[in-house]
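What follows is a single structure, written as structure tokens, with notes after it.
What follows draws every value from the coordinates through simple rules; no lab data is involved. As the structure is a prediction and not an experimental result, all values here were calculated from the model. Because the Cβ atoms are built from the backbone with ideal geometry, glycine has one as well, and the counts that use them run over all protein chains shown.
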Amino acid sequence: TGSEKQGGKAYYVSTPIYYVNDAPHLGHAYTTVAGDVLTRWHRQRGEKVWYLTGTDEHGQKIMRTAEANDVSPQQWADKLVDEAWRPLWEHLEIANDDFIRTTQKRHTDRVQEFVQDLYDKDEIYKGGYEGPYCVGCEEYKLPGELLDGEGDFAGQKLCPIHKKPVEILSEENYFFKLSEYGDKLLAHYEANPGFIQPESARNEVVNFVRQGLQDLSISRSTFDWGIPIPWDQKHVIYVWVDALLNYATAVGYNENQQKFEETFPADVHLVGKDILRFHAVIWPAMLMAQGLPLPGRIAANGWLMVGGEKMSKSNLTGIKPQDLTSHFGVDAYRWYFLRAIAFGQDGSFSWEDFSARYTSELANDYGNLASRVAAMVGKYFGGTLPEATASGEAEKAIHEGLAKAVAEADRKIGEELDFQGGILSVFDFVKQVNGYITEQEPWKVAKDDSAEGRARLATILYTAAESLRAVAVLLNPVMPDTSQKLWDSLGAEATLGALADQRVQDAGEWGVLPVGSTVTKGAVLFPRLEEKPAA
Ligand code: ME8
């Protein structure tokens, strides 16, 4: 929009680029929705923003899946991207600015240049390596972190994340001199305490790096589904080096200098804690080797668990995001996981918890407030918003409650990535307004026909409607369709213009919704839930 800040660096947020070996599940959607709420929040502050997501399409994992399905890896990736990944993000109203695929030429050319450049700078050498490898992780494991197999896997060593046997790989490969970056990385973590979030993730990375880093094998020669090493075409570039570079190639690295400078580096890389080390150790070391600036923050989300295990594509649990949105709606879905789980912690999903919160917090607290207020403005003032001429202590408490909610939500969501805390700040305010109406009893005040009585009634309803105006703005990044319905019901589109142009940080100003606005009952924000579909 025209009101966005021009020039300067964009607030740049990324999700992991997801493997296309299978369709997305709740876990992928969790990270992507969090990034969407974060970027919408910053957009709604009037900042220039860049939100990137995409897909990771090379490596053995994808190659084997394609083989098992009798198609080429490229055909497999195309199908998954077109039929599963892009449609889900559209369905969840993810407002990403770009979608990068690692098989795109804009990416593969730049990756080759980056790696060639490191080779020319003597950061890469040829060597040999033998060790246990997990294809699920696409990563060499350290012997000490493996688990002993039982049952079918007796006598074998298992990946601690995938609980599947590792393979012993022995290769002559190219290596990146990662071991030389340990001290520089530790110095960076020390100087930038917020670089890795949450604290537990930061501690884990610091301990890992303190133990000493090994050089990183960055090529593979036992299969060919990858980007060729430019100076030795028998090798393909290690899928993680290829994948991490998406954050640079997607924003103009070596191609569009202006765009690169206006976007790179990322302010926040959102990642699951399973891929923290790649982002907090390898990626910054790769950037240091090129003299490129490091990202502002690596923020790790916890795992969504099912039956005590990490929900994963290989450990299929049968729940697709669409199974939940068809029941609860897209907005409630976007809200639920951020509301229910403290960001950074693990959390489990259950239908019962989602249903209970939907009914009590969304439908009863929020939805009912909106419909009650609209109904009363209709009944007592013919749908024309009256003026608040008789404000007192009770109204002052509402004004203050709103100012507090705005400040807290802006800090928690916009800065701290404490989505749960920020959402709760707004919902506490919703509760406060509900309490205000219960106490003020406008339906009783309405029976008093005197000028004083009318002034009190008008004041109560203006106060409630103006509070809802602010709530619509504050929750717009989380539940955009609901906020728009509320905005329309308050007649605000006609008087104040587009919701997207309202600034979250200014939402606490009082008296913004014009007297005389046409308030209508509008669409029900959170319809009653149908019976839970049979499993
Ligand atoms: O790792 N709970 O891709 P991926 C929470 N291609 N988040 C989860 C989750 C769960 N149960 N399961 C997955 C890759 N996620 C690489 C990334 S980036 C340069 C390359 C989310 O398809 C979480 O964000 O395995 C996790 O990091 C990501 O999906 C892994 O997706």
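Observations
- Across all Cα atoms of the chain, the radius of gyration (one decimal) and Dmax (whole number) stand at 26.4, 91 Å.
- Cβ-to-Cβ counts within 10 Å put Arg110, Arg277, Arg334 in ascending order as Arg277, Arg110, Arg334, the fewest first.
- Only aspartates and glutamates eight or more places from Lys141 in sequence, or on another chain, were considered; those with a Cα closer than 16 Å are Glu130, Glu167, Glu171, Asp215, Asp274.
- Total charge dipole magnitude, region 427-535, about the Cα centre, Cβ charges on Lys, Arg, Asp, Glu only, Debye to nearest 20: 200
- Relative contact order of region 430-509: 23 percent, from C-alpha pairs under 8 Å at least 6 residues apart in sequence.
- Mean-position separation - Cα centroids, region 471-520 and region 47-70, in angstrom: 38
- Given Lys447/Lys485; Lys234/Lys259; Lys9/Lys431, the pairs whose alpha carbons are separated by over 32 Å: Lys234/Lys259; Lys9/Lys431
- Neighbour-count order for Phe349, Phe223, Phe419, Phe260, fewest beta carbons within 10 angstrom listed first: Phe223, Phe260, Phe349, Phe419
- Helix-only [θ]222 nm of the chain, DSSP H runs n ≥ 4, -39500 (n - 2.57) each, per residue, nearest 500: -13000 deg cm²/dmol
- In a simple Cβ point-charge model (Lys, Arg +1; Asp, Glu -1; nothing else charged), the chain has a dipole of about 820 debye relative to its Cα centre.
- Put a plus charge on the Cβ of each Lys and Arg, a minus charge on the Cβ of each Asp and Glu, and nothing anywhere else: the dipole of region 118-243 about its Cα centre is then about 120 debye.
- Annotation: the residues Thr15, Thr438, sorted from fewest to most other C-beta atoms within 10 Å of their own C-beta, follow the order Thr438, Thr15.
- Shape annotation for region 440-523: C-alpha extents along the principal axes are 41, 26, 21 Å, from largest to smallest.
- Helix 368-381 and the longest principal axis of the C-alpha atoms of the chain enclose an angle of approximately 30°.
- For region 1-160, the residue among Leu118, Thr53, Gly155 whose Cα projects farthest onto the positive side of the dipole built from Cβ charges is Thr53.
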